[in-house]
Amino acid sequence: EVLAPPPAAASERQATDLSAVRRWQDQKTSQRWLQAQRDDDLSPFTAFSSVLGPRFTPETAPRTKALFDVLFADVKAQTGPAKAVFGRPRPPLVDTALASCAPLEKTASYPSGHAARGWLMALTLSEMVPEQASAILARGRDYGDSRVVCAEHFPSDVEAGRLIGAAVFAAAQRNNDFQRDLKKARKELRKALDLP
């Protein structure tokens with residue numbers, strides 16, 4: 001109900017998607033390529049430590065970890081069936097000259113689960129630490145873009161993933177249990193980060 005189908009195999013948009021992935025293949029030794037490898041990690045603590053600092057850990061913020069565990073299950077409940085329905089092959093399966101910077105996942109490419117989780121993490125954390133919202137949201141976008149850099153996904157997969165992440169966040173905000181848990185996690189996280 002939320003997602004349009006991915007670009008058709010012979011479409012101009014598919015060609016544009018593939019060109020975007022190919023452009024990164026010339027930069028395999030770049031810092032951005034190395035960052036894309038690190039962004040294969042699904043942990044919010046790994047993904048956002050560059051913004052929130054070394055105090056942002058599962059040990060200092062267990063309520064935040066528990067909150068994301070629930071949200072990630074909600075994301076997977078959306079991305080998993082969509083991948084099965086659309087069945088879009090990942091970029092290296094479309095162009096065998098492409099090499100991914102992490103082991104290629106077995107699931108379909110559209111939509112990107114990593115991008116969905118990355119954007120959901122960014123939206124949630126920016127609600128918890130609004131004074132750093134710009135940097136958090138920028139990092140969330142960058143995290144999703146890493147999937148293209150890494151040749152794990154096409155840009156349209158990432159866009160669709162972000163849409164799912166935003167939809168899950170919007171649905172969670174209307175849930176009283178989520179609001180209760182978010183409030184507790186926010187208080188705990190701000191204390192861990194030494195914020196008022």
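The values are calculated or read from the model by the stated rules, or taken from the named source; none is laboratory data. What you see is a predicted model; the values in this text were computed from it and never measured. So basically every Cβ, Gly included, is an ideal-geometry build from the backbone, and we count neighbours across all protein chains shown. Heavy atoms of the whole protein, side chains included, go into the accessibility calculation; ligands, DNA and RNA do not. Shrake-Rupley method; radii C 1.70, N 1.55, O 1.52, S 1.80 Å.
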Put T96, T57 in order of accessible area, largest first, 1.4 Å probe: what do you get? T96, T57
A 19 angstrom limit on the alpha carbon distance is what I want to check against. Which of K76/K191; K28/K106; K28/K76; K65/K191; K76/K187; K76/K184 exceed it? K76/K191; K28/K106; K28/K76; K76/K187; K76/K184
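Return an integer: the convex hull volume of the alpha-carbon atoms of region 38-106, in Å³ per residue.
Measuring per residue, one finds 108 Å³ for the Cα hull of region 38-106.
What net charge do the residues around F72 carry, taking every other residue with its C-beta under 12 Å from that of F72, with Lys and Arg at +1 and Asp and Glu at -1? Write down the numbers at each step before the final one.
On the way: positive: K65, K76, R117; negative: D69, D74.
Around F72, the charge tally is +1.
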Where does helix 176-192 land angle-wise versus the long Cα axis of the chain, in degrees 0 to 90, nearest 10? 80 degrees
Express the C-alpha Rg of region 155-196 as a ratio against the empirical globular expectation 2.2 N^0.38 Å, rounded to two decimals. 1.55
Computed on Cα atoms, the radius of gyration and Dmax of the chain in angstrom are 17.0, 54
Of all stretches in the chain that avoid trypsin sites (Lys or Arg not before Pro) placed in a DSSP loop and having at most 16 other Cβ atoms within 10 Å, the longest is 107-173
